1. What's the total number of residues in region 372-391 that are in contact with a Lys or Arg (Cβ under 9 Å, 6 or more places away or on another chain) and open to solvent by 90 Å² or more (accessible area, probe 1.4 Å)?
2. Scan region 181-191 residue by residue and report those that are touching a Lys or Arg at 6+ places or on another chain (Cβ under 7 Å) and within 14 Å of the ligand (Cβ to nearest atom).
3. Can you work out which of the residues in region 223-241 that are crowded, with 22+ Cβ neighbours inside 10 Å and among the β-branched types (Val, Ile, Thr) is farthest from the ligand (Cβ to nearest atom)?
4. Could you please let me know if PHE38 is touching a Gly at 6+ places or on another chain (Cβ under 9 Å), under 29 Å from SER365 (Cβ atoms) and open to solvent by 10 Å² or more (accessible area, probe 1.4 Å)?
5. Looking at ARG198, ARG171, ARG124, which is the one that is within 30 Å of LYS374 (Cβ to Cβ) and away from the ligand (no atom under 16 Å from the Cβ)?
6. Among the residues of region 235-250, is there at least one that is aromatic (Phe, Trp, Tyr) and over 21 Å from the mean Cα position of the chain (by Cα)?
7. Can you tell me which residues in region 443-460 are touching a helix residue (DSSP H, G or I) at 6+ places or on another chain (Cβ under 9 Å) and in a strand (DSSP E or B)?
8. Count, please, the residues in region 313-353 that happen to be among the polar types (S, T, N, Q) and farther than 26 Å from ILE407 by Cβ.
Amino acid sequence: MRTSRYIPETELEMQRRIAGELNREIEPRGLRFYIETFGCQMNVRDSETLKGWMYEMGYSEATDKENADLILFNTCCVRDHAEKRLMGNIGALKELKDEKPGLIIGICGCMMQQEGMAKKLLKRFPHVSLIFGTNVLYRFPEMIRTVMNGERIAVTDRAEDAIAEDLPKMRDNPRSAFVNIMYGCDNFCSYCIVPYVRGRERSRRPEDVRKEIVSLAESGITEITLLGQNVNSYGNDGTTGMTFAELLRYVSDVSGLKRIRFMSSHPKDLTEEVMQAIASLPNVCHHVHLPLQSGNTDILKRMNRKYTREQYLSIVNRLRELVPDIEFTTDIIVGFPGESEEAFMDTMSFVEEVGFAAAFTFAYSPRQGTVAAKMEDQIPESVKKRRLQELNELQARKTVENNEKYIGHCGEVLVEGCDFRGTETMLYGKYQNFKMVYFPGSPDLLNRYVCVRVTKTNKNSLLGEMIHA
Ligand code: SF4
């Protein structure tokens, strides 16, 4: 059994004091920040904390980099070419720094925890003065103070894999919020760098998760997404006394909470207990993002995914039996080392059989330091490209098929945004099972729940009409 280590309150108090001191200096000078976030919801959530700190330190938000006094890049190392893109972004700021010597340029996020990365960036970009990893967000005020005093620093200490509660947050979205329930990952899928950069699994205390959700609901948030690399293994570190299904039950009665989403789920840990919770709790949404990665059991084994094609299928079938309107979305990698044409066709037949509502598809690309990057039987780029195209064409057809079954469907939609198309205003939002629908309506309905009937579909989405607000 491991114990999640928490950052002591005295340390957090010290950081808040530093933020207060900086505020007296920064606010009167009207300094502004600009933050650019790459990658997954974890990074989006981390950026909300950084924004919270920056407001607490007296910064306001700039609309563009040119008008900022502090520019932060919150990076991701999971996606392809991320490093190259970052280098381009940072290099382009050299001139701005020459014009504004007081400008602070910082880089954070999981890419900074890749071995040797921080050192490499500090050496290559003398105009960058601050680098830090995902585990030290709580020390942000102290880091800013050091940099304002003229030092250049890199703080990527992996020994600090601990949980910091009650950090400030600035959430832009008035209707939905991400809530971390755990950090890190223990799974070591052979292609994935996350466990190396975000550390081992640590689950938050259930009472802290609930406290955050209660306060979000009190502020008017009605939809939350519980976040973790693998939410189904919540509590597996033995520190919470609660499983993920129990956590769902524990937070589902928070007053005012209409929708509970969660991501991501790992098929190997999606238990009958979780399925029963989805089926029985009225505000748990009927959507599971369940990364498949491959439809071939041998490839799944090489990926170290710890489930078979049949086991994945039995989860889909069981959930469909319990929750008939459930929708599945997924992630799939093609061209994983050793993937034969037959193995690829297994993925194709699986996608045909399951009928995912949507799939995020990728051609495998090696991540330095992972087991798969060292595998010998890498697949030629041209083959990967062709397989990706075939898979995308198949999924496009399956998405159309999936959409067609919604003609005539009527249900509650949370309005997320609007598009102005000529003289018409089209609103869009999701049904509780994650299907997106567009319909004409007034922007006043933004962030509200309305009832929408689907009248037709196009390639990617549903089109409908509002029945009532
Ligand atoms: S479950 Fe696998 S793919 Fe997901 S973050 Fe963990 S190691 Fe990476």
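1. Total satisfying the criteria: 0.
2. Start the filter on region 181-191 by keeping residues that are touching a Lys or Arg at 6+ places or on another chain (Cβ under 7 Å), which leaves 181-186, 189-191.
Matches in region 181-191: MET182, TYR183, GLY184, CYS185, ASP186, CYS189, SER190, TYR191.
3. So, considering only residues that are crowded, with 22+ Cβ neighbours inside 10 Å and among the β-branched types (Val, Ile, Thr), the one farthest from the ligand (Cβ to nearest atom) is ILE224.
4. Details: touching a Gly at 6+ places or on another chain (Cβ under 9 Å): yes; under 29 Å from SER365 (Cβ atoms): yes; open to solvent by 10 Å² or more (accessible area, probe 1.4 Å): yes.
Answer is yes for this residue.
5. ARG124
6. If we filter region 235-250 for residues that are aromatic (Phe, Trp, Tyr), which is where we start, we get 244, 250.
Now drop any that are not over 21 Å from the mean Cα position of the chain (by Cα), which leaves 250.
Checking region 235-250: at least one residue is aromatic (Phe, Trp, Tyr) and over 21 Å from the mean Cα position of the chain (by Cα).
7. Narrowing region 443-460 to residues touching a helix residue (DSSP H, G or I) at 6+ places or on another chain (Cβ under 9 Å): 454, 457-460.
Hits for region 443-460 are VAL454, THR457.
8. 4
The values are calculated or read from the model by the stated rules, or taken from the named source; none is laboratory data. A quick note: this is a predicted structure, and the numbers were derived from the prediction, not measured. We place every Cβ from the backbone using ideal geometry, glycine too, and count neighbours over all the protein chains shown. In case anyone asks, the SASA skips ligands and DNA or RNA and just uses the protein heavy atoms, side chains included. Shrake-Rupley method; radii C 1.70, N 1.55, O 1.52, S 1.80 Å.
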